[in-house]
Amino acid sequence: MGDAPGLHAPEARLPRERRLTKRRILKEIAPLRFGEGHDCTFPAALAAATKTDYDWLMGSSAAAFTATIDETGWDPLAATPRDSDTLRRAARAAGVRLDPEPPPYDEEMRELILDRVMEAVDAQLPPLVFGLGGTPEYGLVVGFDQEGPTFFARTFFDKGDDPRRVGWDAFESEDRGGLVFLDKGAAPDRANAVREGIDAGLTAGDASDRALASWSGALREDARWSDAKHAGTAAFADHAMRAVLVDKRRAAARFLRGARGMFANAPGGDLLRAAESYGYAAESAAKGGVGEFDGGVAMRFLDVGHRRAWAKNLDAVRENDREAREALAAARRSMR
């Protein structure tokens, strides 16, 4: 845990009683929403906190190029980037270092954590928070009020446009209200970040293909979905995983188009070819249906013909992904 080092040297900090600002909310940070093209919550929250482009973080971290799945339970959270290597690459691409300070906090730590939250908000580099309210996704602490104290947070599950208000009881554990502070680091070497993201994406290529093959194969196991209740739960998981897959591949296409001009020896043709293939992968995945989950989505999943058609679309995603990786490998060989 340490001494909660914060963003500034100890001598630069103001004692709380001398602060003029007793309450502050970063109103420029917009509400977080699923279905708006930023469906992976860690890079979305990090992008909002650091004013960094979401697609840049998705590509530089390699999250845009991968596919992951919980083969047994079909937990849709497994489809999103959560491994430590991916998170660290995203942080480097944003020019920050991740500094987790997991709860619970005793009275002494509460004093330090409150000071650090205030420093972070004042510096307009708000901390990330994981699992606030019990949902295992990332959000942001975007404000504070020393009375109480009260913290203001944005999550993907807020009702309305205003930040939610929480107290110390919201910070229970690493998985329920775990804070991750962002310490400013070196400005990213953008060309190196592109190379690092591509390398990691290529390394994960076989595992990603196996994940998509597992997903496609499971859809064809009709006996697995004969129980309507089980199939209804799986329908939601399938829909959520599809939304993440579409989001990832669209981000990959945009990231690679933006990276074309970064290299003097111009591997731009191969990068464009990879971007087009990832765009086709996103289109193939989107044919399975995107948007808000409702009863109609669940009913379609129960239909054998619909599941088999969606499985074929996933096979097309796999083929598009393979073509994209071939182009990426060619581009990477010509990068200096």
Over region 276-336: Rg over Rh, Cα atoms, Kirkwood Rh: 1.18
The chain - Debye-derived log10 I(q)/I(0), Cα point model, q = 0.07, 0.08 Å⁻¹: -0.32, -0.42
Residues Arg308 and Arg336, FRET efficiency given R0 of 35 Å [Cβ-Cβ distance, rounded to 0.05]: 0.15
Computed lengthening from Asp199 to Asp227, 0.36 nm per intervening residue step minus Cα-Cα distance: 5.9 nm
Evaluated over region 46-160, the Cα radius of gyration and Dmax, each in Å: 15.6, 47
Per-residue ³J(HN,Hα) for region 274-288, Karplus 6.51 cos²θ - 1.76 cosθ + 1.60, θ = phi - 60°, Hz, x for Gly and Pro: 5, 4, 5, 5, 5, x, 5, 4, 4, 5, 4, 5, 5, 5, x
Close Lys-Lys pairs in the chain, where close means Cα under 27 Å and separation is 8 or more or interchain: 16
Highest to lowest packing among 149-155, 179-185, scored as the average C-beta count within 10 Å: 149-155, 179-185
Potential lengthening between Glu174 and Met109 on full extension [0.36 nm per residue; Cα-Cα distance subtracted]: 21.9 nm
Candidates Gly289, Gly133, Gly160, ranked by Gaussian network fluctuation over the chain, Cα under 10 Å, top entry: Gly160
The chain: most fluctuating residue of Glu323, Glu137, Glu107 per GNM, C-alpha cutoff 10 Å: Glu107
Neighbour-count ranking [beta-carbon atoms within 10 angstrom, fewest first] of Ile29, Ile113, Ile198: Ile29, Ile113, Ile198
Highest-MSF residue in the chain out of Ala78, Ala49, Ala64 [GNM, Cα springs under 10 Å]: Ala78
Test item: Cα-centred dipole of the chain, Lys/Arg +1 and Asp/Glu -1 on Cβ, debye: 1180 debye
Gain on full stretching of the segment that runs from Arg190 to Lys159 - 0.36 nm per residue minus C-alpha separation: 7.5 nm
Sorted by Cβ density within 10 Å, fewest first, the residues His239, His306, His230: His230, His306, His239
Quarter of Cα convex hull surface for region 124-234, i.e. mean projection, nm²: 11.6 nm²
Kirkwood estimate for region 190-334, i.e. one over the average of 1/r between Cα atoms, Å: 16.1 Å
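Read-outs throughout are calculated quantities, based only on the coordinates presented, and are distinct from any laboratory measurement. Quick caveat, the model's predicted, so the values are computed rather than measured. For neighbour counting, all protein chains shown are included, and Cβ atoms are generated from backbone atoms with ideal geometry for every residue, glycine included.
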